[in-house]
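**Student:** Following this message is one structure expressed as structure tokens.
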Amino acid sequence: MATTSSAHGEAAALPPLTPGPYRKRLGLISIVACFGGLLFGYDTGVINGALRPMTEELGLTPFTEGVVTSSLVFAAAVGALSGGRISDAWGRRRTILLLAVLFFVGTMIVVLTPNYEVLVAGRVCLGLAVGGASAVVPVFLAELAPYEIRGSIAGRNEVAIVIGQLSAFVINAIIGNVFIDHPSVWRYMFAISALPAVALFVGMLRMPESPRWLVEKGRHEEALEVLRSVRSEERAVAELGEVEHVAEEESAENRIGLGAVLRNKWLIRIMLVGIGLGIAQQLTGINSIMYYGQIVLIESGFSASAALIANIAPGVIAVVGGFIALAMMDRLDRRKTFVIGFSLTTTCHLLIGIASVVLEEGNPLRPFVILALVVAFVGSMQTFLNVAVWVYLSEVFPLHMRGFGIGVSIFALWVANGVLSLYFPSLVDAVGITGTFFLFAGVGVLALIFVATQVPETRGRTLEALEEDVSTGAIYQVKARS
């Protein structure tokens with residue numbers, strides 16, 4: 001087995017990409033699958049504006065508010081872990097269809113809920129769907145995309161997530177101000193998400209299965225048929241041969257299963273890298289802003305109604321940053337992107353903390369300065385970290401453990417997300433905005449050190465070449481020379 005391979009060697013081994021109808025087919029597949037990301041974003045962002053009217057109608061306490069918010073996030077951790085395993089056994093496409101059903105059912109439970117207990121059950125159902133989508137959709141896209149444009153194809157899911165969050169913020173602001181006196185206004189906010197759930201289910205019925213998963217299951221003719229629909233004929237045949245070669249080597253070495261992963265120190269190491277990267281992304285506090293942005297802006301000096309509208313600004317910059325990230329994804333190394341991202345977000349955390357000290361409460365500039373810095377933080381996060389992290393996790397694990405690997409990594413990501421979402425209001429109440437963002441800055445320094453020293457490079461490599469280098473540890477030698 002080869003231990004190293006260069007991007008140039010891989011490019012020479014496969015026929016180059018050429019224009020053709022298959023490019024449009026690949027684009028359509030990515031749009032349909034990204035409805036999963038859109039639902040992910042909407043269902044995590046809608047609570048930002050729905051929580052206050054929900055509390056008034058259902059009589060929630062501060063503790064039950066935290067439970068309602070974090071129940072989705074903790075369920076998403078379970079959904080990510082189980083979704084990855086299900087997709088390995090059942091297929092990426094069929095798993096996404098199941099997730100579409102869960103999105104719809106969870107939405108209906110929340111919209112029709114008579115009380116707090118049923119509301120939490122609906123949020124758990126949505127969380128399972130969100131977590132599953134976060135693990136399966138990026139893998140589905142990465143396994144269908146040519147390696148030359150894999151970053152920009154797989155990264156579209158993260159852009160769909162922030163578009164979903166922005167949609168939630170805008171819809172919340174419109175419905176919340178138009179129906180301001182309606183006690184059940186929050187139900188309308190949630191009901192909107194039933195539409196993309198239906199679109200995801202109907203669209204995926206006509207989409208193909210991942211060709212790499214089909215080869216893993218011995219369905220080579222079906223895999224070739226799928227590749228011919230998203231590649232030129234010559235490229236499809238060559239790529240199938242490469243995937244088959246790696247699958248045969250895995251089968252001969254009997255390296256399938258969790259036990260085999262745990263017996264290979266390099267696979268354990270790449271699992272720890274994935275887990276660490278997922279946790280580091282969440283400990284920036286990005287989703288605390290997305291879930292509790294209105295609270296942060298009220299604490300900084302905005303009125304409740306003004307905060308609901310101002311909260312749209314971080315959503316807008318997140319979408320803009322997402323498109324910039326897609327443009328850079330296949331041009332800038334992943335590890336360099338991470339280093340830039342954590343440097344910028346840590347700087348923004350420090351500036352927010354300093355601004356909240358220098359500009360005392362009552363200063364008319366305080367809310368606008370903090371809003372501007374929050375927008376800068378979200379923009380930095382989205383441009384350099386969010387898209388890149390999801391792409392990296394979708395591509396770094398070998399085929400035989402890809403669903404499991406990304407599932408465990410995103411499980412850890414969602415657990416970190418859940419802990420922050422549960423305790424963020426208490427943290428702000430205890431130490432204020434100043435202490436909260438100084439704490440985020442301290443964690444950011446540790447994350448920067450971790451990324452700079454432990455995360456290997458993956459850009460410009462086929463999934464099969466990465467598989468060999470990850471399994472043998474050669475990927476760390478490549479990192480050391482980059």
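**Student:** Could you work out the relative contact order of the range 331-478? I mean the mean sequence separation of Cα pairs under 8 Å and 6+ apart, divided by the number of residues, in percent. Numbers along the way, then the final one.
**Tutor:** Values: 124 pairs, mean separation 61.8, N = 148.
Dividing the mean separation by the residue count of the range 331-478 yields 42 percent.
**Student:** Once you sort the root eigenvalues of the Cα gyration tensor of the range 330-430 as a ≥ b ≥ c, which label holds: rounded (a/c under 1.5), prolate (a/b larger than b/c) or oblate (the other case)?
**Tutor:** It comes out oblate by the Cα gyration axes.
**Student:** Of 74, 103, which has the most accessible area with a 1.4 Å probe, and how do the rest follow in descending order? Kindly include the intermediate steps, with their values, before the conclusion.
**Tutor:** Details: 74 80, 103 0 Å².
Largest accessible area first, the residues go 74, 103.
**Student:** Same structure, new question: Using a Förster distance of 35 Å, how high is the FRET efficiency between residue 108 and residue 454, based on the Cβ-Cβ distance and rounded to 0.05? Walk me through the intermediate numbers first.
**Tutor:** Values: r = 44 Å, r/R0 = 1.24.
E(calc), rounded to 0.05, equals 0.20.
**Student:** Something else: Calculated from DSSP H runs of 4 or more alone, at -39500 (n - 2.57) each and per residue, what is the 222 nm mean residue ellipticity of the chain, nearest 500?
**Tutor:** Details: 25 runs with 391 residues, N = 482.
That comes out to -27000 deg cm²/dmol.
**Student:** Taking a label point 7 Å from the Cα of residue 434 along the Cα→Cβ vector, which residues of the range 285-304 have an amide N closer than 16 Å to it?
**Tutor:** Only 299-301 pass the distance filter.
**Student:** Once you have a ≥ b ≥ c as the square roots of the Cα gyration tensor eigenvalues for the range 157-303, tell me rounded if a/c is under 1.5, and otherwise prolate or oblate according to whether a/b is larger than b/c.
**Tutor:** Oblate, since a/c reaches 1.5 and b/c is not below a/b.
**Student:** Let me ask something additional. I need the fraction of alpha carbon pairs in the range 60-123 separated by more than 14 Å, rounded to a whole percent.
**Tutor:** Values: 1284 of 2016 pairs.
Within the range 60-123, distances greater than 14 Å cover 64 percent of Cα pairs.
**Student:** Starting from the Cα-Cα distance between residue 63 and residue 31, subtract it from 0.36 nm times their residue separation and give me the gain in nm to one decimal.
**Tutor:** Details: separation 32, 0.36 × 32 = 11.52 nm, distance 3.84 nm.
Fully extending the segment from residue 63 to residue 31 adds 7.7 nm.
**Student:** Dividing the Cα convex hull volume of the range 369-482 by residue count, how many Å³ per residue is that?
**Tutor:** 119
**Student:** Still on this structure, please answer the following. With every protein chain left in place, what is the accessible area of residue 30 in Å² (1.4 Å probe, nearest 10)?
**Tutor:** 0
**Student:** For the range 85-238, report the % of Cα-Cα distances exceeding 18 Å. It would help to have the intermediate numbers written out before the result.
**Tutor:** On the way: 7691 of 11781 pairs.
Tail fraction, whole percent: 65.
**Student:** Over the heavy atoms of residue 269, what accessible area does a 1.4 Å probe trace out, to the nearest 10 Å²?
**Tutor:** Looks like 80 Å² after rounding.
**Student:** Which cross-chain or sequence-distant (5 or more) residues have an amide H under 5 Å from the amide H of residue 232, H modelled 1.01 Å from N in plane?
**Tutor:** 18
**Student:** Continuing with the same structure: Would you give the gap between the C-alpha center of the range 416-482 and the C-alpha center of the range 304-328, rounded to a whole Å?
**Tutor:** 22
**Student:** Can I ask one more? Could you tell me what percent of the accessible area of the chain is made up of carbon and sulfur, with a 1.4 Å probe and every protein chain present?
**Tutor:** Numbers: 11910 of 17640 Å².
That fraction is 68 percent.
**Student:** Here is a further query. Over the range 230-361, what is the relative contact order in percent, taking alpha-carbon pairs closer than 8 angstrom and at least six residues apart?
**Tutor:** Details: 21 pairs, mean separation 22.0, N = 132.
Taking the mean separation of contacting Cα pairs over the length of the range 230-361, I get 17 percent.
**Student:** Per residue, how big is the convex hull around the C-alpha atoms of the chain? Give it to me in cubic angstrom, could you?
**Tutor:** Values: hull volume 62.3 nm³, N = 482.
Hull volume over Cα atoms, normalised by residue count, gives 129 Å³.
**Student:** Out of residues 5 or more away from residue 332 or on other chains, whose amide H comes under 5 Å of its own, with H placed 1.01 Å from N in the peptide plane?
**Tutor:** When sequence neighbours closer than 5 places are left aside, there are no close amide H contacts.
**Student:** Sorted by accessible area (1.4 Å probe), largest first, how do 406, 312 line up?
**Tutor:** Working: 406 0, 312 40 Å².
So the residues, ranked largest to smallest area, are 312, 406.
**Student:** Right, next: Label points 7 Å out from Cα along the Cβ direction at residue 181 and residue 304: separation in nm?
**Tutor:** Here the modelled spin labels are 1.6 nm apart.
**Student:** Where does each of 360, 209, 233 land when they are ordered by accessible area, with a 1.4 Å probe and the largest first? Please list the in-between numbers first.
**Tutor:** Details: 360 135, 209 25, 233 95 Å².
Reading off the accessible areas and sorting them downward yields 360, 233, 209.
**Student:** Oh, and also: Normalising by the residue count of the range 55-121, find the relative contact order in percent from Cα pairs under 8 Å and 6+ residues apart. All intermediate terms of the calculation are to be shown ahead of the outcome.
**Tutor:** On the way: 20 pairs, mean separation 24.4, N = 67.
Relative contact order for the range 55-121 comes out at 36 percent.
**Student:** Could you tell me the accessible area of residue 273 in Å² (1.4 Å probe, neighbours in place), rounded to the nearest ten?
**Tutor:** The value for residue 273 is about 10 Å².
**Student:** Next up: I'm checking a number: the convex hull volume of the Cα atoms of the range 43-174, normalised per residue, in Å³. What is it?
**Tutor:** On the way: hull volume 13.3 nm³, N = 132.
Convex hull volume per residue, Cα atoms: 101 Å³.
**Student:** A follow-up question, please. Could I have the simple spin-label model distance between residue 316 and residue 233, label points 7 Å from Cα toward Cβ, reported in nm to one decimal?
**Tutor:** Label at residue 316, label at residue 233, 5.1 nm between them.
**Student:** If I take R0 = 30 Å and measure r between the Cβ atoms of residue 199 and residue 446 in this structure, what FRET efficiency does the formula 1/(1 + (r/R0)^6) give, to the nearest 0.05? Don't skip to the answer; put the middle values down first.
**Tutor:** Numbers: r = 41 Å, r/R0 = 1.36.
The formula returns an efficiency of 0.15 here.
The values are calculated or read from the model by the stated rules, or taken from the named source; none is laboratory data. Keep in mind the model is a prediction, meaning the values are calculated, not measured. With ideal geometry, Cβ positions are generated from the backbone for all residues, glycine too; neighbour counts draw on all protein chains shown. These accessible areas exclude ligands, DNA and RNA; they are computed on the full protein's heavy atoms, side chains included. Shrake-Rupley method; radii C 1.70, N 1.55, O 1.52, S 1.80 Å.
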